[in-house]
Amino acid sequence: MNVERLTVNIGAEVSGIELRDAVRSDALFAELKALLLRHRVLFFRDQHADRFSRSDHVALAGRFGPLEEHPVAGSHPDHPGLVLIHRSEERNPYENNWHSDGLWRPAPAMGAVLRCVECPEVGGDTIWVNMVEAYARLPDDIKRRIDHLRASSSIEHSFGAVMEPNKRQALGREHPPAEHPVVRTHPETGERVLNVASFTTHFLNFHTPENVRFGLDKTPGAALLLQYLQSQATVPEYQVRFRWKPGSVAIWDNRSTQHYAVMDYWPSPRKMERAGIVGDVPY
């Protein structure tokens, strides 16, 4: 197995192995998990269906933990938990923003295994960002301000935005906003992680005497701080950009990263398949 780092802060391409072997080999899976914690996102080439089937795909993701069902995207009828992200006839605005999968859930995703089935000759890259580094390099005064803040994240204002009001409201009732710490602790490494993304709508405990002197400090002050924190995902020094080819696979740690699917390929088709892994409640 060969491991090539792609940037200083995040990402490595792994070659010389068959991912299906990690389904059956405890030793190989342990190696991959250790690499994932170190590099946060791993990339593999030439893992086509004849070498890495849909059954292998969900089985590998299942080694990390139970698989998620998505309330909007659904999953493959024969492979529960395998979401088909097939873009061909229309633009879709949900992936081309900085997000951590399922931040709107009480327990956001632990991670995911994503394979490219079909993609444009050029375009449709995905960018991942190291949110541990994003937190570590915040100014100290900002760290002090956000250390005990909590924020609300919602599926209704994102996936629900294009739905009819009754369907959007039903989605919101079924999946009410989730409350999370603005800075979470990674459960396996103990690292501190900046934990706000595009699903995050507002702080929940900002309006205190320490933060608010006048009304102007409340809503605009909180909104500007949240916007500043969300913008940290856009810093190139924290990022890795991956160019897909059919048979390419990415495995990422959703607890310490965010990602952005570049929407520059329409109307060319882009077909991806993702198995998301149930995570823990952030603390």
**Request:** Could you please find all residues in the stretch 60-74 being outside any loop (DSSP other than H, G, I, E, B), farther than 18 Å from residue 117 by Cα and either of a type in the set (A, V, I, L, M) or in contact with a His (Cβ under 7 Å, 6 or more places away or on another chain) (or both)?
**Result:** 67
**Message:** When you scan the stretch 13-26, do you find a residue that is assigned to a strand (DSSP E or B), in contact with a Leu (Cβ under 6 Å, 6 or more places away or on another chain) and among the aliphatic types (A, V, I, L, M), even just one?
**Reply:** yes
**Item:** Long-range neighbours under 6 Å by Cβ, at least six apart or interchain, first residue of a type in the set (Gly, Ala, Ser) within the stretch 155-182, second assigned to a helix (DSSP H, G or I)
**Value:** 160/168; 160/171
**Message:** Checking residue 258 against (1) surrounded by 24 or more Cβ atoms within 10 Å (Cβ to Cβ); (2) of a type outside the set (A, V, I, L, M); (3) farther than 26 Å from residue 5 by Cα, only one condition comes out false. Which one?
**Reply:** (3)
**Prompt:** Do we find that residue 128 is aromatic (Phe, Trp, Tyr), closer than 26 Å to residue 176 by Cβ and at pLDDT 95 or above in this structure?
**Reply:** no
**Fill in**
Note on residue 103: of the conditions (1) surrounded by fewer than 22 Cβ atoms within 10 Å (Cβ to Cβ); (2) under 9 Å from the mean Cα position of the chain (by Cα), unmet is (1)
**Asked** For the stretch 75-96, how many residues meet the condition of being at pLDDT 85 or above and outside any loop (DSSP other than H, G, I, E, B)?
**Response** 7
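Listed here are the residues, each with its yes/no results for (1) farther than 24 Å from residue 278 by Cβ; (2) surrounded by 14 or more Cβ atoms within 10 Å (Cβ to Cβ); (3) without any contact (Cβ under 8 Å) to a residue 40 or more places away in the chain.
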position	(1), (2), (3)
3	yes, yes, yes
19	no, yes, no
23	no, yes, no
33	no, yes, yes
47	no, yes, no
52	no, yes, no
55	no, no, yes
63	no, yes, no
**Request:** Return the pairs, sorted by first residue and then second, in which the second residue is of a type in the set (D, E, K, R) and crowded, with 21+ Cβ neighbours inside 10 Å, the first residue lies in the stretch 117-142 and is on the phi > 0 side of the Ramachandran plot, the beta carbons are less than 6 Å apart, and the residues are 6+ apart or on different chains.
**Result:** 124/270
**Message:** With the requirement that a residue be of a type outside the set (Asp, Glu), over 16 Å from the mean Cα position of the chain (by Cα) and under 30 Å from residue 35 (Cβ atoms), what does the stretch 188-223 give you?
**Reply:** 189, 190, 192
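The values are calculated or read from the model by the stated rules, or taken from the named source; none is laboratory data. Since we're looking at a predicted model, the values are computed, not measured. Every residue, glycine as well, gets a Cβ built from its backbone with ideal geometry; the counts of neighbours run over all protein chains shown.
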